[in-house]
1. With all protein chains present and a 1.4 Å probe, how do K226, K358, K298 order by accessible area, largest first?
2. Given 10 Å bins starting at zero, what is the percent of C-alpha pairs of region 110-221 in each, up to the one with the largest pair distance?
3. Measure out, as a whole number of angstrom, how far apart the alpha-carbon centroids of region 375-445 and region 236-290 sit.
4. For V218, what residues show an amide H to amide H distance below 5 Å, using hydrogens built from the backbone and excluding near sequence neighbours?
5. Starting from the exponent 0.38 and prefactor 2.2 Å, build the expected Rg for the chain from its residue count and divide its actual Cα Rg by it.
6. Any idea what the dipole of the chain comes to, in debye rounded to 20, about its Cα centre with Lys/Arg Cβ at +1 and Asp/Glu Cβ at -1?
7. Could you state the accessible area per residue of region 413-461 in Å², with a 1.4 Å probe and every protein chain left in place?
8. Could you tally the net charge around S407, taking each other residue with its Cβ under 12 Å from the Cβ of S407, Lys/Arg +1 and Asp/Glu -1?
Amino acid sequence: MDDYARFVLDRAKGGSAPGQLRGNKAKRSKKAAQIMLDETHAAGRTSWVVSANGHAAFPIQNLPFGIFSTQGGPARGGVAIGDSILDIGAALDAGLFSGLSRDAAEAASGRTLNPLLEAGAAARVALRRRIGEILDANGDGASAIRTLARRLIHDAAHCTLHLPARIGDFTDFFAGIHHARTAGTINRPDNPLMPNYKYVPVAYHSRASSVLVSGGTVRRPNGQRKPPEQAGPDFGPSRNLDYELELGAWIGPGNALGSPIPISEASRHIAGFCLLNDWSARDIQAWESQPLGPFLSKSLSTFVSPWIVTPEALEPFRMAQPPRPDGDPAPLPHLNDGADQANGCFDIAMDVLLQTPKMREAGAAPHVLSRANASMLYWTVAQMVAHHTSNGCNLQPGDLFGSGTVSGTEPGSEGCLLEMTRGGRDPVVLPGGETRTYLMDGDTVIFRGTARRDGFAMIGFGECRGSVTGAIALAG
Ligand code: CA
C-alpha cells in the first residue's frame, strides 16, 4: 500500500494528517486534521496529454495556474500540463465547467489571475478538481474532451508566459536563518543575529513595479559604491551583483485595513507559491542600507517563476515546522498555532544553477552551484501573513511575498554568492576553471524547485531564469 492509499484509509478512520505520516511528533489538532488529500494527488492518475505522464514538473498532480499568450493572441489564464498549457477560457467556452468551478474558471480566464486569487480556496479547489477530471486519461467523457484538444491545448514551447498577477505590493522577508547568520557574520562576527530575529519575521517593503517573470535579462545597476578602503563613495556599475534564492508566495483574499489575519486563518490567504530571485547589488546595499534598509540595491529587479503552484498541489509535501533549537524562544502567541506548526512547512528542494557565457559557447550544461530546501526557513509563510497584518496592515490579492534567502548550514547549500564566497573573499571555482565571486555580464542564473515524497508523483515549479546584461554607460 502506498502512502496515498494509507492516508486515505487513515483519514476514513479519522486518522492522521500527512505531516504526521512522516513520523513527526507534532501534536494533533482539529485543524491539522483538515489537511486533505483527494483524488487529484493519486500517484496512479495519468493524463491524455501524454507528455504530462512522468513529467518532472507538471504531471496531472500539479496543475499550476499561470498567464500565457499564443502568437498574436491575448494574455489569458492557463494551466501547465506536461509540455503543454490548457487554455482555461477555451475550456470554459467549450462548456466544460459548471457551478463553482465555472465561476472559478471565469476568474482564471482573464489577463491576470488576481480574480482567482481573490476568490479563495474553495473556488481554487473546485477548479483544480474539475481541471484534473478534464485532463484525466480515464475521466468521464475523456474521449469526447480529447476531440477538443486542438482548441484546449497549446504547446508551451510556442507560448509566452507572463506575470501571473498584477502585483500591488511586494514584501521581502528574511526568514532564512542560516543566510541571516552567515551574512551577519560577515559584518558582525560576534553578533551575527540581531536580538529581534527569533521574535520578529523581519521584512522590508520592496518594489512591485520591477518584478518580472522568469526568462529575461537583468541590467547591472549603476549606483553609489564605497569599498571600505575608499574615503568616499563614487557612482558606477555594481561590482558585486548577486542573486538570492527565495520561495515566493502569492497572497489570496487578504484583509481589510485594520483587521489583522489571525495565525489560525493565515494559511487561507496563501494562494500559491513560486521561485523568486531577489537580485541584489551587494556593494550598493552595504553603503545605502543604514539606517533604513535596502533600497536601490534590491529594486533593480526581482524575477519570479511563471506558474503559481497551489497549496493543494503541495499538500503531500507539507511537514511540521522543524523544532527550534534548544534555547530559542517560542514564537509569541499571535504567531504560534498548533496546526501551522504541525503542517505549515513545505519540503521543497531548491537548486541554483549557473551558466557562464564560456560554458554556453562550449555547449556545457548549467552547473549546480547549490541546493537548499524551503524547510530551512525559520518562519512559516502563515507566520509571515499573521505578522504582516498584525498591526492592521491590509494584504490584497496578488500581493507577493519573498521568503528571504533560503540557505542551509552545509557547504553547497548557500542561497547567494555573498554567502558562498564569504563576502567575495573565496571565489567559487566552476568546472572548466572559471571563477566567480559575484555575477559577470552574460551569466545566466537558473533556480529550480521540486517536491518529492514516496508514494506521490514528483512535482516541480519550472524555472526562474535570468541573465545579466551590462550596465547603462554613464554620460561623460
Ligand atoms: Ca531578499
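1. From most exposed to least exposed: K358, K226, K298.
2. 10, 21, 27, 20, 14, 6, 1
3. So the separation of the two Cα centres works out to 10 Å.
4. S467, V468, T469
5. Numbers: Rg = 22.3 Å, N = 476, 2.2 N^0.38 = 22.9 Å.
Taking N as the residue count of the chain, the ratio is 0.98.
6. That gives the chain a dipole magnitude of about 340 debye.
7. Roughly 38 Å² per residue, with all protein chains present.
8. Details: positive: R181, R371; negative: E244, E246, E410, E414, E419.
So the environment of S407 carries a net charge of -3.
The values are calculated or read from the model by the stated rules, or taken from the named source; none is laboratory data. Just so it is clear, the model here is predicted, and its values are computed rather than measured. All Cβ positions, even for glycine, are placed from backbone atoms using ideal geometry, and neighbour counts span all protein chains on display. To get the accessible areas, we keep the full protein, side chains included, count just its heavy atoms, and leave off ligands, DNA and RNA. Shrake-Rupley method; radii C 1.70, N 1.55, O 1.52, S 1.80 Å.
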